[in-house]
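What follows is a single structure, written as structure tokens, with notes after it.
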Protein chains: 2
Amino acid sequence: MPRAGLSTRAVVSAALDLIDEGGVEGLTLAALAQKVGVAAPSLYKHVAGLGELRTLIGARVLEDMTDRFTAAVLGRSGDDAVIALMHAYRDYVLDHPRRYAVMPLDPLHEPALADAGGRLIGVVLAALRDYALTESQAVQAVRRLRVVAHGFASLEANGGFGLPEDLDETYAQLITAVLPKKAGELDV
Amino acid sequence: MPRAGLSTRAVVSAALDLIDEGGVEGLTLAALAQKVGVAAPSLYKHVAGLGELRTLIGARVLEDMTDRFTAAVLGRSGDDAVIALMHAYRDYVLDHPRRYAVMPLDPLHEPALADAGGRLIGVVLAALRDYALTESQAVQAVRRLRVVAHGFASLEANGGFGLPEDLDETYAQLITAVLPKKAGELDV
DNA sequence: AGCCAAAGCTAAGGGGCTTAGCTTTTTGGG
DNA sequence: CCCAAAAAGCTAAGCCCCTTAGCTTTGGCT
């Protein structure tokens with residue numbers, strides 16, 4: 001029996017492919033083992049079990065999103081940066097709708113995901129730097145942006161909108177509605 | 001063997017209790033059978049299988065939400081109605097966080113849920129009547145409200161917000177930001 | 001060359017869903 | 001009132017999944 005040359009990283013990557021193909025339902029250790037050419041119990045050499053695998057997948061999705069957000073925000077500031085960030089969020093979910101469904105919504109509460117989650121929030125805060133918000137204003141701004149990005153993206157990814165008509169317009173309206181105001185302006 | 005006197009409705013109710021207790025993970029035919037005092041295969045006399053059970057549960061959640069939204073909107077109009085509706089949405093999810101996680105986001109795409117989903121949308125449209133919106137304006141308005149309600153509620157129910165501090169304020173800001181404008185006013 | 005840790009394997013147990021086929025209860029028509 | 005048929009149960013059994021236990025092989029390092 002020649003060795004398959006696996007690694008935890010490779011196993012997680014294959015698991016992501018499996019999710020892309022068949023959704024969360026499609027992620028089974030049996031299917032994963034077959035995909036990487038190994039018997040199911042052998043996976044335990046690289047991953048502690050289905051639970052840990054899911055956690056690792058969540059971390060990976062967070063990292064991928066952070067990378068894309070970083071690239072989108074780089075070189076921009078103010079409304080320009082925030083709008084780019086919001087579109088990067090939507091685009092990620094459209095590119096990987098099934099992966100997004102497995103992303104934990106409370107990464108900061110799970111020690112294994114707190115780092116990745118913290119880095120993602122860091123990028124969002126950086127995009128807001130130009131507004132010169134107080135800490136509590138920034139917290140509110142991040143929350144509003146997240147509610148809109150997550151709400152819109154999860155609905156779109158799950159076919160929650162009847163017709164795709166004017167969806168770009170809907171999203172644009174929502175972004176405008178929750179854009180923070182600069183220090184001099186009114187509101188928030 | 002005395003008869004248990006089950007019915008599809010009773011089975012679905014017990015399933016909802018199971019979800020309230022242990023989340024979607026906790027919903028298993030074995031556990032459900034034990035809860036209603038019957039052997040697992042006997043459940044098939046009332047429900048076609050786990051898949052249909054989930055669909056029935058989804059329909060039930062939609063109906064419950066519709067009832068509560070109807071009660072909340074009754075006797076109100078304009079901003080008052082919309083605000084009451086948005087709070088009823090949040091309150092439902094806070095009361096039954098685990099049920100909400102099993103509610104389908106695309107009810108109109110599943111024949112068995114289309115009716116219940118349509119009635120829910122009907123209530124929302126009724127809440128918007130006072131604004132005298134055109135059909136396309138109404139579609140955009142419903143979408144924006146749904147994005148905010150679903151985004152906020154699902155994040156809150158899953159512990160997505162770090163601290164509960166000022167969450168009421170966050171939600172109020174979001175509602176204000178997406179409230180439709182009456183016919184005479186600017187925007188939308 | 002030889003040792004040993006890592007990476008595989010097979011076997012087996014436990015739990016879940018579902019089907020098949022049987023028994024008992026209930027119901028409703030004659 | 002009786003009895004036939006439908007409805008509601010049951011047990012047995014098959015299949016798939018996750019996981020643990022214990023063995024074998026590979027491959028790197030001395």
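The values are calculated or read from the model by the stated rules, or taken from the named source; none is laboratory data. Note that this is a predicted model, so its numbers are computed, not measured. Cβ: placed from backbone, ideal geometry, glycine included. Neighbour counts: every protein chain shown.
Kindly check whether there is at least one residue in the stretch B:44-53 that is farther than 22 Å from B:L113 by Cβ, modelled with pLDDT of 95 or more, within 16 Å of DNA strand D (Cβ to nearest atom) and away from chain A (no Cβ under 14 Å).
Within the stretch B:44-53, one or more residues are farther than 22 Å from B:L113 by Cβ, modelled with pLDDT of 95 or more, within 16 Å of DNA strand D (Cβ to nearest atom) and away from chain A (no Cβ under 14 Å).
Determine, yes or no, whether A:A15 is surrounded by 12 or more Cβ atoms within 10 Å (Cβ to Cβ), more than 8 Å from DNA strand C (Cβ to nearest atom) and either within 14 Å of another protein chain (Cβ to nearest Cβ) or touching a residue at least 40 places away in the same chain (Cβ under 8 Å) (or both).
It is true that A:A15 is surrounded by 12 or more Cβ atoms within 10 Å (Cβ to Cβ), more than 8 Å from DNA strand C (Cβ to nearest atom) and either within 14 Å of another protein chain (Cβ to nearest Cβ) or touching a residue at least 40 places away in the same chain (Cβ under 8 Å) (or both).
Determine whether A:T66 is out of contact with any His (no Cβ under 7 Å at 6 or more places or on another chain), more than 16 Å from DNA strand C (Cβ to nearest atom) and of a type in the set (S, T, Y).
Yes.
Could you tell me whether any residue of the stretch A:90-101 is over 30 Å from B:G117 (Cβ atoms) and either under 14 Å from the mean Cα position of the chain (by Cα) or not β-branched (V, I, T) (or both)?
no
Taking the stretch A:150-165, which residues are within 8 Å of chain B (Cβ to nearest Cβ) and at negative phi?
Those that are within 8 Å of chain B (Cβ to nearest Cβ) and at negative phi: A:H150, A:G151, A:F152, A:S154, A:L155, A:N158, A:G160, A:F161, A:G162.
Within the stretch A:99-110, how many residues turn out to be crowded, with 19+ Cβ neighbours inside 10 Å and away from chain B (no Cβ under 12 Å)?
Residues meeting the conditions: 2.
Residues in the stretch B:121-130 that are crowded, with 19+ Cβ neighbours inside 10 Å and assigned to a helix (DSSP H, G or I): how many?
Selection size over the stretch B:121-130: 3.
Would you tally the residues in the stretch B:26-43 being of a type in the set (D, E, K, R) and within 12 Å of DNA strand D (Cβ to nearest atom)?
0
Suppose the filter is without any contact (Cβ under 8 Å) to a residue 40 or more places away in the chain, more than 16 Å from DNA strand D (Cβ to nearest atom) and either in contact with a strand residue (DSSP E or B) (Cβ under 9 Å, 6 or more places away or on another chain) or among the acidic types (D, E) (or both); does B:D79 pass it?
no
Scan the stretch B:26-49 residue by residue and report those that are surrounded by 14 or more Cβ atoms within 10 Å (Cβ to Cβ) and among the aliphatic types (A, V, I, L, M).
Those that are surrounded by 14 or more Cβ atoms within 10 Å (Cβ to Cβ) and among the aliphatic types (A, V, I, L, M): B:L27, B:L29, B:A31, B:L32, B:A33, B:V36, B:V38, B:L43, B:V47.
Given (1) buried (at least 17 other Cβ atoms within 10 Å of the Cβ); (2) more than 10 Å from every other protein chain (Cβ to nearest Cβ); (3) within 28 Å of A:V102 (Cα to Cα), where does B:D168 come up short, assuming only one miss?
Status for B:D168: all satisfied but (1).
On the given criteria, is A:R99 closer than 30 Å to B:V139 by Cα and in contact with a Leu (Cβ under 7 Å, 6 or more places away or on another chain)?
yes
Only residues that are more than 19 Å from A:T170 (Cβ to Cβ) and not in a helix (DSSP H, G or I): list them for the stretch B:144-184, please.
B:N158, B:G159, B:G160, B:F161, B:G162, B:L163, B:P164, B:E165, B:D166, B:K182, B:A183, B:G184 - these are the residues of the stretch B:144-184 that are more than 19 Å from A:T170 (Cβ to Cβ) and not in a helix (DSSP H, G or I).
Which residues, counting only those in the stretch B:18-44, are free of Cβ contacts under 8 Å to residues at least 40 places away in the same chain and on the phi > 0 side of the Ramachandran plot?
B:G37
For the stretch A:148-163, name all the residues that are more than 11 Å from A:M86 (Cα to Cα) and among the hydrophobic types (A, V, I, L, M, F, W, C).
A:L155, A:A157, A:F161, A:L163 - these are the residues of the stretch A:148-163 that are more than 11 Å from A:M86 (Cα to Cα) and among the hydrophobic types (A, V, I, L, M, F, W, C).
Return the residues of the stretch B:18-43 that are within 9 Å of DNA strand C (Cβ to nearest atom) and within 14 Å of chain A (Cβ to nearest Cβ); say none if nothing qualifies.
None; the set is empty.
Restricting the search to the stretch A:131-143, which residues are in a helix (DSSP H, G or I) and more than 9 Å from chain B (Cβ to nearest Cβ)?
Correct list: A:Y131, A:E135, A:Q137, A:A138, A:A141, A:V142.
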